[in-house]
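What follows draws every value from the coordinates through simple rules; no lab data is involved. Predicted, not measured: the structure shown is a model, and the values here were computed from it. Positions of Cβ are backbone-derived with ideal geometry, glycine not excepted, and every protein chain shown enters the neighbour counts.
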Amino acid sequence: MDDEHSVDDDLDIQIWPASLGPGASKKLAPAAVGQIARWDGLPLLQLSAFFGAHATIRNRPNLRPVRLALNLPVVGMPDDRSQHILRSLLESPGRVVQYLFMLLSLDLTGMPSDTDISGLLGSGDGAWRLGALGLFEALLRVLKADPRRLAAVDAFLTDLTSQPEGERLVPPDFARLWGAVQSAVSLPAVSAR
């Protein structure tokens, strides 16, 4: 809170990072200004601007407590937090291909609802195929329909392969395929390491 606003003396407010739940709540001090709560030593994946809150009015026991979600300004977030979170979610080639399909907005609505996508991904270089709907075909459809949409794929692959742990998630065969797509749409080359 800034210097102009404070917690009213009649309010009892508890707040917690949404990633931790109410068990990590901190009670806000009446008339608190400035930094109203602090959680030190949280892992990067638990840092968030989303908080849960529980509020009651002390002198009005007949009123029900209020619980709400808040998106608050946070100080001290690492600049590369979103990249770390994305990398933690993309821990295998199969997850990377799912993310690429999402970036390409592949419409999977025609697939039977009981299709287990994770089982179709296979392993090794085969992880770049989704059954009959291959990543190559998805790239070609986007290349034909709107090549500008490939910029998001390019940015993702550039970021992913900028770190050694990300390089291992991109099979060399796909890197060569992506190089051909880059040439077709004049995107800067992502090295096939």
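Summarising the amide proton neighbourhood of residue 18: residues at separation of 5 or more, or on other chains, whose placed amide H is nearer than 5 Å comprise 50, 51, 52. Counting beta carbons within 10 Å around each of 80, 154 and listing the fewest first gives the order 80, 154.
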